[in-house]
Amino acid sequence: MRISKAFITILFLGLFIIAGVLLYMLWQDELDRRDTQEALLTSTQALLPPIQANVTAAQADLTAAQAKLAAARESLAEWQAVWPTPPPVAAIQTIDYGAKLFILAANNQLNLVEFRGNEPSSVTIGGIKYQSTDMEIKVSGAILKINDFIGNLETSDPYLTATIDAVSITFYTEFDPEIGGVPLPDALITINILALER
């Protein structure tokens, strides 16, 4: 069977038209895809200026907050310089020991006139670290009772964890013309206490 030239021409012409239609459809799909991407890019670019404005505003807020923080820190430093510092723990313990000393003195029939404790310092004796502090206690009463008072200091509860390292006693007595004799003496007791450093 013989195919005519006209049939072959129509066949090629049909194939050519089909190929052209397919190419046109592919080209049109590509154009649609490009239009969609351009629309998406345009909408994204439209969102970019408000985001940049928000970032700029946030940076301005951060700068303002940092300035406020710096001002607050300066103000805090000024107030801390003016505000009294709390007493050291040693001073609070000294007040507690002072109250106990008054009771101990009364139990020994003495009048505790004055008590002063110094800040503790660190000392090393034989390779062991101790805290050392001096206390000055002014009492009035009989000499025997003053000696008992010092002995009781070493065995009383507040000082069970410490050692009395040194004691110095200075007595003050003067003739009192009103009573026609010498009253009970005043004594200034200086005690050095050692306690193991924690």
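Some notes on this structure:
- Yes/no for Asp157 being more than 19 Å from Thr190 (Cβ to Cβ), modelled with pLDDT under 85, open to solvent by 60 Å² or more (accessible area, probe 1.4 Å) and in contact with a Pro (Cβ under 9 Å, 6 or more places away or on another chain): no
- Out of Glu119, Glu114, sole residue that is open to solvent by 70 Å² or more (accessible area, probe 1.4 Å) and either among the hydrophobic types (A, V, I, L, M, F, W, C) or within 23 Å of Leu196 (Cα to Cα) (or both): Glu119
- The residue that is nearest to the chain's Cα centre (by Cα), counting only those in the range 125-146 that are over 13 Å from Ile191 (Cβ atoms), at pLDDT 85 or above and open to solvent by 50 Å² or more (accessible area, probe 1.4 Å), is Lys145.
- In this structure, Gln52 does not satisfy being surrounded by 10 or more Cβ atoms within 10 Å (Cβ to Cβ), at pLDDT 90 or above and not hydrophobic (A, V, I, L, M, F, W, C).
- Tabulated pairs, the range 159-173, first in a strand (DSSP E or B), second open to solvent by 80 Å² or more (accessible area, probe 1.4 Å) and at pLDDT below 85, C-beta under 7 angstrom, 6+ apart or interchain: Ile164/Glu154
The values are calculated or read from the model by the stated rules, or taken from the named source; none is laboratory data. Owing to the predicted nature of the structure, the values given are computational and were not obtained by experimental measurement. Every residue, glycine among them, receives a Cβ derived from its backbone with ideal geometry; neighbour counts consider all protein chains shown. With ligands, DNA and RNA removed, areas are computed over all heavy atoms of the protein, side chains included. Shrake-Rupley method; radii C 1.70, N 1.55, O 1.52, S 1.80 Å.
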